[in-house]
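Some notes on the structure that comes next.
The numbers here are math on the coordinates, done by the rules we state, and not lab data. Since the structure is predicted, the reported quantities are computational estimates derived from the model, not experimental observations. Neighbour counts are summed over all protein chains in view; Cβ atoms, including those assigned to glycine, are modelled from backbone coordinates with ideal geometry.
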Amino acid sequence: MDHAAHSEVEPVSRKRPPRKSLLLTRKSPLIDIAQLIAFVGVLVWLILAGAQAMEYNWQWYRVDRYIYRIIDGEFIPGPLLRGLGVTIEITFYSMIITLVISLATALLRLSGSVSGRLVATVYLEAIRNTPLLIQLFLFYFVLAPIIGIDRFWAGVLCLAFFEGSFGAEIIRAGLQSVPRGQYEAADAIGLTRRDRLRFIILPQAIPLILPPMTGLVISLIKHSAILSVIAVAELTTQGLDLISETFMAFEIWFTVGAIYLVITVSLSLLVSWIEHRAAIGR
Amino acid sequence: MNDTNPMLEMRGVGKWYGDFCALYDVNLKLQRAERMVICGPSGSGKSTVIRCVNRLEEHQAGQILLDGVELTEDTRNIERVRREVGMVFQHFNLFPHLSILDNLTLGPIRNLKMPKKEARELALHYLERVRIAEQAGKYPGEMSGGQQQRVAIARALCMKPKLMLFDEPTSALDPEMISGVLDVMVELAGDGMTMICVTHEMGFAREVADTMVFMDRGEIVEVGPPSEFFNNPTSDRARLFLSQILSHH
């Protein structure tokens with residue numbers, strides 16, 4: 001090719017051509033925002049119109065006292081906040097037990113032991129193929145009296161075993177995505193199996209495991225609502241109790257839903273921030 | 001253990017993947033400070049041989065004796081072997097989440113129970129020898145392939161091995177990176193390190209090897225000093241291989 005001739009047609013420069021403004025193009029964020037506002041507007045209008053049609057008496061002004069009250073400058077959490085506390089407690093303990101069960105099951109599934117793999121597989125299939133509600137009844141009515149635990153711990157254990165079956169697959173996928181060469185290199189410098197897992201494999205698998213694990217924590221928070229059927233005093237139970245007391249079904253359920261939403265969304269944001277930080281650290 | 005034992009002895013070693021015979025009746029003897037280069041067409045079992053030495057692969061027939069001690073399934077036996085045998089991989093296999101320094105000190109600290117400070121000094125010493133001491137704080141992803149491979153050599157040396165295994169250490173490198181790695185290996189050989197090297201670098205083999213081993217289809221076809229192997233290969237298979245590999249040089 002003749003370079004001189006080429007440059008006459010179109011001068012080539014190493015400088016980047018100027019960026020086009022996004023605001024007026026078809027990909028403009030303004031259009032996105034307008035669509036969102038229109039969508040939310042229609043949604044709100046539908047709810048309000050529907051409530052009006054059934055002549056619902058909105059009493060939002062009565063809701064705040066069930067969240068918290070301030071008496072003599074003292075902060076007093078209402079039933080909903082106390083319920084949220086219990087929900088967080090349940091989630092916290094369940095998640096710790098879930099992690100232990102997940103890791104153990106994942107290692108059993110990857111192990112060379114036939115009985116280990118069998119135990120893990122039976123557990124996974126049994127938990128995944130039965131309704132959570134039935135599992136909860138089994139834990140509460142059968143297991144709890146046998147091993148002597150209260151309804152709170154029966155609920156925590158049930159949730160942990162349920163989520164553990166999903167966590168096990170997340171951890172297994174994470175461990176398997178670490179290249180074989182890493183296992184071999186760890187072997188070649190004489191690390192024991194435990195050290196290999198602790199220093200080489202887990203640190204590389206955790207960044208891959210973390211995002212789906214957050215999803216698991218979020219579903220744990222949501223699934224904890226089912227403990228209301230065995231009357232653990234968590235957020236949903238408190239909501240149910242309040243409605244039977246006040247008959248404000250709309251306000252209380254919207255509030256309860258919003259509280260769940262705030263917790264789960266802030267959790268996702270926290271984790272994406274942590275991931276972002278970790279990515280910078282590399 | 002005494003000095004009259006060969007460093008490594010393989011007697012009738014066989015290895016199968018399913019029904020496929022990867023190694024067949026492999027017999028080798030490696031003396032102390034001996035430098036052996038294994039070559040052969042791809043799929044000939046060269047890598048498998050050295051991977052059996054530190055038991056990344058299990059052999060299913062025959063015996064492997066390292067310094068007079070036979071390799072068995074016993075975990076303590078395997079850990080001892082891996083302490084004494086260093087390995088360098090084709091794709092470096094550095095630990096990407098650890099700094100260069102931590103890559104080097106992990107083995108000595110965890111396996112040799114060496115104090116951290118001592119391990120650090122040892123690591124810096126070997127990094128200096130492979131000429132990258134000033135990059136100890138970096139991460140593997142920030143280095144070129146040649147630098148990473150030199151780090152991998154230093155990592156293996158930090159375990160103070162009696163025997164070094166190189167599994168095609170330059171095959172994954174850009175051409176301009178190869179000589180830096182080979183220089184380090186030549187130096188190592190000059191210091192009297194016992195080593196087995198699987199490589200296609202015939203220049204390196206000529207310069208360094210005491211013994212050339214030629215493999216094809218899972219068996220050893222020829223063993224001899226490089227002068228004989230390169231000038232008068234006895235087998236047709238070796239002649240064919242050499243003509244193919246040397247035709248472009």
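Data for the structure
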read-out: GluC sites (Glu not before Pro) within the stretch B:1-75: DSSP coil, no more than 16 neighbouring Cβ in 10 Å; value: B:Glu58, B:Glu73
read-out: Exercise: per-residue mean of other protein chain Cβ atoms within 10 Å, B:104-110; value: 4
read-out: Filtered chymotrypsin sites (Phe, Trp or Tyr not before Pro), the stretch A:54-162: DSSP coil and at most 13 other beta carbons within 10 Å; value: A:Trp58
read-out: Vicinal HN-Hα couplings computed from phi for the stretch A:244-261 (Karplus, 6.51 cos²θ - 1.76 cosθ + 1.60; Hz; Gly/Pro x); value: 5, 7, 10, 6, 9, 4, 4, 4, 5, 5, 4, 5, 4, x, 5, 5, 4, 4
read-out: Relative contact order of chain B, defined on C-alpha pairs under 8 angstrom at six or more residues apart (%); value: 26 percent
read-out: Farthest positive-ward along chain B dipole, Cα basis, beta-carbon charges - from B:Gln60, B:Pro225, B:Pro108; value: B:Pro108
read-out: Beta bridges by DSSP in chain B, antiparallel share as percent, to the nearest 5; value: 55 percent
read-out: Within a Gaussian network of chain B (alpha carbon springs, distance under 10 Å), most fluctuating of B:Thr75, B:Thr170, B:Thr199; value: B:Thr75
read-out: Interchain or long-range residues, amide H under 5 Å from B:Asp216's placed H; value: B:Val221
read-out: Residue among A:Gly83, A:Trp60, A:Thr98 farthest towards the positive dipole end of the stretch A:16-100, charges placed on Cβ; value: A:Thr98
read-out: Partners for B:Lys46 among lysines (Cα-Cα distance below 17 Å; same-chain residues under 8 apart left out); value: B:Lys15, B:Lys29
read-out: Residues with amide H under 5 Å from that of B:Cys197, placed H, sequence gap 5 or more; value: B:Met36, B:Val37, B:Ile38, B:Phe166
read-out: For the protein assembly as shown, convex hull of alpha carbons as volume per residue, Å³; value: 290 Å³
read-out: Angle between chain B longest axis and helix B:145-157 axis [Cα atoms, degrees, rounded to 10]; value: 90 degrees
read-out: Of A:Trp153, A:Ala186, A:Leu136, farthest towards positive along the dipole that unit charges on Lys, Arg, Asp, Glu beta carbons give the stretch A:94-221; value: A:Ala186
read-out: Rounded to the nearest 20 debye, dipole of the protein assembly as shown from Cβ charges on Lys, Arg, Asp, Glu; value: 680 debye
read-out: Amide H within-cut-off set for B:Leu8, under 5 Å, with H built and near neighbours excluded; value: B:Leu30, B:Asp67
read-out: 3J(HN,Hα) from dihedral phi, the stretch B:128-136, Karplus parametrisation 6.51/-1.76/1.60, rounded to Hz, x for glycine, proline; value: 5, 5, 8, 6, 9, 4, 6, 10, 4
read-out: Nearest-20 debye value, chain A charge dipole, Cβ charges on Lys, Arg, Asp, Glu; value: 980 debye
read-out: At R0 = 56 Å, FRET efficiency that the Cβ-Cβ distance of B:Asn27 and A:Glu275 yields, to 0.05; value: 0.55
read-out: Simple Cβ-charge dipole of the stretch A:85-236, Lys/Arg +1 and Asp/Glu -1, about Cα centre, in debye nearest 20; value: 340 debye
read-out: Share antiparallel - DSSP beta bridges, the protein assembly as shown, percent rounded to 5; value: 60 percent
read-out: Neighbouring partner chain Cβ atoms per residue of B:73-83, average, 10 Å criterion; value: 2
